[in-house]
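Following: one structure in structure tokens, then a few remarks.
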Amino acid sequence: MFAIVAALLMLGVVLGTVAHVPVPVTLVAATVIGVWLLVFAVRERQHR
């Protein structure tokens, strides 16, 4: 649960800076967050 809250918080921070950073940086950050959420989802599914 903590990981989801942290991911959403980080996503909010990144979305807040989208207007100030170049597109490639935004895409890299979005990819990192997406991979993190995917890994979390896979781990949760395997745990159950």
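Observations on the structure shown:
- Counted residues, region 26-48 - those being open to solvent by 80 Å² or more (accessible area, probe 1.4 Å) and more than 16 Å from Leu9 (Cα to Cα): 8
- Among the residues of region 1-25, those identified as open to solvent by 70 Å² or more (accessible area, probe 1.4 Å) and assigned to a helix (DSSP H, G or I) are Phe2, Val5, Leu8, Leu9, Met10, Val13, Leu15, Ala19, His20, Val23, Pro24, Val25.
- Residue within region 26-44 that is in a helix (DSSP H, G or I), without any contact (Cβ under 8 Å) to a residue 24 or more places away in the chain and either basic (Lys, Arg) or in contact with a Phe, Trp or Tyr (Cβ under 7 Å, 6 or more places away or on another chain) (or both) present: yes
The values are calculated or read from the model by the stated rules, or taken from the named source; none is laboratory data. Given the structure is predicted, the values throughout are model-derived calculations rather than measurements. Every residue, glycine among them, receives a Cβ derived from its backbone with ideal geometry; neighbour counts consider all protein chains shown. Just the protein is used for accessible areas: all its heavy atoms, side chains included, with ligands, DNA and RNA removed. Shrake-Rupley method; radii C 1.70, N 1.55, O 1.52, S 1.80 Å.
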